[in-house]
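The values are calculated or read from the model by the stated rules, or taken from the named source; none is laboratory data. The structure presented is a predicted model; accordingly, all values stated were derived computationally and were not measured. Positions of Cβ are backbone-derived with ideal geometry, glycine not excepted, and every protein chain shown enters the neighbour counts.
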Ligand code: NAP
């Protein structure tokens, strides 16, 4: 069946004004010579179900879904990938030409690709990992690390109960107290910040890196700013670092493929387009 719907997709969130995804998709449309449109959709939680049902009827090929709609988007889909089910949330929705709705979660793929490209030679299987945070992003990180063979994951979150709920769904994850996060770095191969600490406008992430082995890789999911306090402190100690922007870029790639049928590149030009003024 030929798909003659216009090349239109978007991103649903509340709030959504800060999203850099439109820049990302606009860049790929330009590179591929496509007359496509990718629009930010400011959707209040109480309006989500109605808008979600209406978008395919308006010809949308799909949407990305961000806070606070990721769980709802999965629950209301007709089918879901294993990743979306394991993570318990969807970020990529395909409105199929037959009217059905498919849900995927590409955040874990984004984490994995970002680490593979940003730190060649590093492997999650090299040793235990410490993950900070127990929100939606942390769920994707746990899934990615587990899939990549991390032998042990130590999870620390300010609200310990949330970490315990999350750990219960992921074998091999042990919870450590937030106040013990620095000591937990001993013998680890990887540290990932999946809290919102360190974002422009948020409090800094306080963590003493003194116990970190010299070979430990540090990844911050926060990408505004690119050089967070954590990344800067890790570099000062000679540790390898990967910033969070690559996750944003990579997680979008499967969506572009599914909606528009072309395989876009994640490269320096894309980074510049997303970071540009
Ligand atoms: P979320 O569900 O709201 O979770 C926020 C997390 O930050 C929770 O673990 C929360 O702990 C913790 N936190 C917030 N304020 C804190 C504080 N003052 N002290 C200690 N912990 C604090 O958010 P999310 O969706 O998981 O996103 C987390 C971060 O990842 C955000 O900065 C987001 O921008 C980034 N992110 C990046 C990408 C990317 O593509 N690079 C993708 C997704 C998310 P409590 O449970 O105790 O509240």
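Side notes on the structure shown:
- Of 107, 98, 26, all but one fail to be within 14 Å of the ligand (Cβ to nearest atom) and either more than 29 Å from residue 201 (Cβ to Cβ) or in contact (Cβ under 8 Å) with a residue 24 or more places away in the chain (or both); the exception is 107.
- Residue-level check: of (1) closer than 30 Å to residue 211 by Cα; (2) assigned to a loop (DSSP other than H, G, I, E, B); (3) in contact (Cβ under 8 Å) with a residue 60 or more places away in the chain, residue 238 misses just (3).
- Where residue 112 falls short, out of the listed (1) at pLDDT 95 or above; (2) over 17 Å from the mean Cα position of the chain (by Cα); (3) surrounded by fewer than 24 Cβ atoms within 10 Å (Cβ to Cβ): (2)
- Selection over the stretch 213-225 of residues that are within 15 Å of the ligand (Cβ to nearest atom) and out of contact with any strand residue (DSSP E or B) (no Cβ under 9 Å at 6 or more places or on another chain) gives a count of 3.
- Failed condition for residue 69, given (1) over 21 Å from residue 11 (Cβ atoms); (2) within 15 Å of the ligand (Cβ to nearest atom): (1)
- Residue within the stretch 24-44 that is in a helix (DSSP H, G or I), modelled with pLDDT of 95 or more and under 25 Å from residue 146 (Cβ atoms) present: no
- Considering the stretch 257-277, and only residues there that are in a helix (DSSP H, G or I) and in contact with a helix residue (DSSP H, G or I) (Cβ under 6 Å, 6 or more places away or on another chain), the residue that is farthest from the ligand (Cβ to nearest atom) turns out to be 273.
- A count restricted to the stretch 181-212 and to residues that are more than 15 Å from the ligand (Cβ to nearest atom), in a loop (DSSP other than H, G, I, E, B) and closer than 26 Å to residue 149 by Cβ stands at 5.
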